[in-house]
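S.K.: I am attaching a structure below and will ask some questions about it afterwards.
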Amino acid sequence: MKINPINFNNPDVAIVISFSGGKDSSAMLAFIMENYPQAKKYVVMADTGFEHDDAVEWSKEIVEGFGLTLNVVRPIWKDGTVKTFQGMVRNRGMFPSSSCRQCTSDLKRDPIYKWIRNNVSEPIIINAMGLRADESTGRAKKDPFILNNRLSTKLINGSRKRTAYDWLPIHTWTTDEVISYLGNEGIELHPAYSYLSRFSCRLCILMRTKDIVAVYHNDRPAFDMISDLEQEIGFTMRNGESLVQLITGELKKDEVSA
């Protein structure tokens with residue numbers, strides 16, 4: 001891993017830990033607590049309005065177990081109402097995609113950045129995220145420690161009022177290493193892992209077919225909610241195939257193989 005140049009124990013430095021309650025952010029939190037116990041830390045979670053029902057309480061319990069406070073942020077429309085995944089899709093008339101991940105930018109990144117700007121006074125911010133290289137080719141290419149220009153203020157006369165860096169402390173870890181570390185730390189996996197490979201939105205645009213089928217069988221209200229939304233806006237979550245078409249085809253495969 002690339003060594004970062006920042007002394008995390010410096011009082012001018014704050015680590016802001018993006019937390020979801022999933023295995024990677026939980027392992028990251030435990031790792032930071034173990035290796036940087038004296039560093040100033042904030043923990044923030046973005047609620048997209050389509051989280052698992054107990055996601056916030058689950059996350060709060062883990063974070064409070066380390067003696068920290070979970071700060072939950074939610075995006076807001078211009079009229080002051082809470083912006084949710086479903087509302088965003090209705091407003092756009094289409095779902096986000098792998099090439100246009102508005103759900104990540106609008107519902108997670110931007111609310112977290114806004115919270116940081118309003119609540120973190122330290123001039124050096126370490127934006128810690130639990131992204132790992134073996135999750136995808138794109139994530140494998142990410143620099144584990146790099147200047148965050150969007151969150152940093154403008155450079156004036158050679159200095160900035162706020163300098164922010166993105167840090168991926170478990171970027172090189174494998175899934176097995178994450179699971180093993182959590183076990184050693186006594187941190188349980190959320191029950192959703194019994195049928196899903198990732199703990200994110202209840203039905204994510206990036207889910208593999210087998211995970212969508214698992215949602216159909218284990219969280220039918222979430223499946224029906226997105227399926228109904230497809231019909232409402234006349235736009236499918238997956239290119240050229242509705243969720244009903246997908247699940248019908250997969251169930252037919254199961255009948256043939258049975």
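Every read-out reported here was derived from the displayed coordinates using simple, explicitly stated rules and does not represent laboratory data. Given the structure is predicted, the values throughout are model-derived calculations rather than measurements. For neighbour counting, all protein chains shown are included, and Cβ atoms are generated from backbone atoms with ideal geometry for every residue, glycine included.
Here is a yes/no grid of residues against (1) loosely packed, with under 14 Cβ neighbours inside 10 Å; (2) in contact (Cβ under 8 Å) with a residue 12 or more places away in the chain; (3) touching a Lys or Arg at 6+ places or on another chain (Cβ under 7 Å):
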| position | (1), (2), (3) |
| --- | --- |
| 94 | no, yes, no |
| 110 | no, yes, no |
| 114 | yes, yes, no |
| 120 | no, yes, no |
| 123 | no, yes, yes |
| 133 | no, yes, yes |
| 138 | yes, no, no |
| 147 | yes, yes, no |
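S.K.: Are there any helices (runs of 4 or more DSSP H) wholly within region 72-140 with 2 or more residues that are polar (S, T, N, Q), and if so which? I'd like the intermediate steps shown before the answer.
M.R.: On the way: elements: 85-92, 110-119, 137-140.
Fully inside region 72-140 and qualifying: 85-92, 110-119.
S.K.: Within region 176-196, identify whether any single residue is within 22 Å of residue 144 (Cβ to Cβ) and among the β-branched types (Val, Ile, Thr), and answer yes or no.
M.R.: Yes: one or more hits.
S.K.: Here is a follow-up. Examine region 164-184 for a residue that is farther than 19 Å from residue 31 by Cα and aliphatic (A, V, I, L, M), and state whether such a residue exists.
M.R.: yes
S.K.: A further question follows. For the structure I just gave you, tell me whether residue 104 is at negative phi and out of contact with any Pro (no Cβ under 9 Å at 6 or more places or on another chain).
M.R.: no
S.K.: While we're on this one: What pairs can you find where one residue is in region 172-190 and among the charged types (D, E, K, R), the other is buried (at least 16 other Cβ atoms within 10 Å of the Cβ) and part of a helix (DSSP H, G or I), and their Cβ atoms are less than 6 Å apart, with a gap of 6+ or different chains?
M.R.: 185/30
S.K.: In addition: Which helices (runs of 4 or more DSSP H) sit wholly inside region 156-253 and have at least 2 residues that are of a type in the set (S, T, N, Q) and farther than 24 Å from residue 84 by Cα?
M.R.: Working: elements: 175-185, 209-218, 220-233.
Ranges flagged: 175-185.
S.K.: Which residue is surrounded by the fewest Cβ atoms within 10 Å (Cβ to Cβ), if the candidates are limited to region 149-176 and must be in contact with a helix residue (DSSP H, G or I) (Cβ under 6 Å, 6 or more places away or on another chain), within 22 Å of residue 33 (Cα to Cα) and not hydroxyl-bearing (Ser, Thr, Tyr)?
M.R.: This residue is 171.
S.K.: Would region 103-117 turn up any residue that is of a type in the set (A, V, I, L, M) and within 18 Å of residue 167 (Cα to Cα)?
M.R.: Scanning region 103-117, I find at least one residue that is of a type in the set (A, V, I, L, M) and within 18 Å of residue 167 (Cα to Cα), so the answer is yes.
S.K.: So which residues in region 60-84 are closer than 19 Å to residue 31 by Cβ and among the hydrophobic types (A, V, I, L, M, F, W, C), if there are any at all?
M.R.: Within region 60-84, 62, 63, 66, 68, 70 qualify.
S.K.: Is it true that some residue in region 142-153 is part of a loop (DSSP other than H, G, I, E, B) and of a type in the set (Lys, Arg)?
M.R.: yes
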